[in-house]
1. If only one of Gly45, Gly41 is exposed (fewer than 11 other Cβ atoms within 10 Å of the Cβ) and free of Cβ contacts under 8 Å to residues at least 12 places away in the same chain, which one is it?
2. So, in the stretch 121-179, exactly how many residues are assigned to a helix (DSSP H, G or I) and acidic (Asp, Glu)?
3. Show the residue pairs that are 6+ apart or on different chains and have beta-carbon atoms under 9 Å apart, the first residue being within the stretch 88-112 and farther than 22 Å from Leu140 by Cα, the second being of a type in the set (Asp, Glu) and crowded, with 18+ Cβ neighbours inside 10 Å.
4. Surrounded by 13 or more Cβ atoms within 10 Å (Cβ to Cβ), without any contact (Cβ under 8 Å) to a residue 12 or more places away in the chain and of a type in the set (Val, Ile, Thr), is that true of Val30?
5. Can you name the number of the only condition in (1) surrounded by 14 or more Cβ atoms within 10 Å (Cβ to Cβ); (2) hydroxyl-bearing (Ser, Thr, Tyr); (3) over 12 Å from the mean Cα position of the chain (by Cα) that Thr110 fails?
6. Taking into account only those residues within the stretch 123-154 that are touching a Phe, Trp or Tyr at 6+ places or on another chain (Cβ under 6 Å) and either without any contact (Cβ under 8 Å) to a residue 40 or more places away in the chain or among the β-branched types (Val, Ile, Thr) (or both), which is farthest from Ile53 (Cα to Cα)?
7. Got at least one residue in the stretch 31-42 being among the β-branched types (Val, Ile, Thr), within 19 Å of Leu125 (Cβ to Cβ) and in a helix (DSSP H, G or I)?
8. Right, Ser101: modelled with pLDDT under 90, of a type in the set (S, T, N, Q) and surrounded by 21 or more Cβ atoms within 10 Å (Cβ to Cβ) or not?
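The values are calculated or read from the model by the stated rules, or taken from the named source; none is laboratory data. Everything numeric here is computed off the predicted structure, so don't read it as measured data. In this analysis, Cβ positions are derived from the backbone assuming ideal geometry, glycine residues included, and neighbour counts consider all displayed protein chains.
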Amino acid sequence: MKVIAEISRWAIPLLLLLIPVLAYLRKVPVYESFVAGAEEGFKTGVRILPFLIGMLVAIRVFVDSGALEILSHWLQPFFVLLGLDPNFVSIIPLAIMRPLSGSGALGVATQLINQHGPDSFIGRLASTLQGSTDTTFFVLTVYFGSVGIKKYRYALKLGLLADLVGLIISVWIVTKVFY
């Protein structure tokens with residue numbers, strides 16, 4: 001166990017040392033390559049900024065307008081149909097927020113864990129759901145927007161389907177393992 005802890009502790013510093021040394025030994029212009037990469041990264045950051053701001057504003061409006069609570073209330077029968085105990089419907093805001101925003105979902109998950117406890121069914125379900133799905137709308141908005149993809153085709157449908165499957169499997173696993 002101590003060996004794994006030491007490897008974990010030194011892995012990133014060694015990689016940060018090893019990669020430039022190997023590049024230098026292969027006659028790669030290390031500093032110039034770094035500067036070119038940083039310049040491209042800055043351009044990408046500037047290019048995605050409007051998409052990011054638009055997404056964050058839309059999420060804030062969605063939450064602050066009360067639409068999250070209304071949608072959560074409307075979805076309660078569906079979640080009960082999925083097998084979620086009616087006493088545990090407090091997970092619905094996290095299930096809705098997770099495809100929208102990672103930081104927003106983390107805030108909801110933190111609130112649920114603080115309210116119900118980390119070893120409660122809700123705490124475990126929130127943690128499992130947090131790690132089993134991705135921020136579909138964020139990915140589509142920022143990543144697709146940064147490379148100029150305007151038509152998402154099936155990416156939105158498949159992303160939301162993956163989020164739904166992640167939710168169903170999270171409920172199933174936590175129910176089977178902890179409930």
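1. Only one candidate qualifies: Gly41.
2. Filtering the stretch 121-179 for residues assigned to a helix (DSSP H, G or I) gives 121-132, 136-146, 155-178.
Narrowing the set further to residues that are acidic (Asp, Glu) leaves 163.
Looking only at that region, the number is 1.
3. If the second residue must be of a type in the set (Asp, Glu) and crowded, with 18+ Cβ neighbours inside 10 Å, no pairs are left.
4. When the stated conditions are applied, Val30 passes them.
5. Of the numbered conditions (1) surrounded by 14 or more Cβ atoms within 10 Å (Cβ to Cβ); (2) hydroxyl-bearing (Ser, Thr, Tyr); (3) over 12 Å from the mean Cα position of the chain (by Cα), the odd one out for Thr110 is (1).
6. Leu140
7. Among the residues of the stretch 31-42, not one is among the β-branched types (Val, Ile, Thr), within 19 Å of Leu125 (Cβ to Cβ) and in a helix (DSSP H, G or I), which makes the answer no.
8. Details: modelled with pLDDT under 90: yes; of a type in the set (S, T, N, Q): yes; surrounded by 21 or more Cβ atoms within 10 Å (Cβ to Cβ): yes.
For Ser101, the condition - modelled with pLDDT under 90, of a type in the set (S, T, N, Q) and surrounded by 21 or more Cβ atoms within 10 Å (Cβ to Cβ) - is met.
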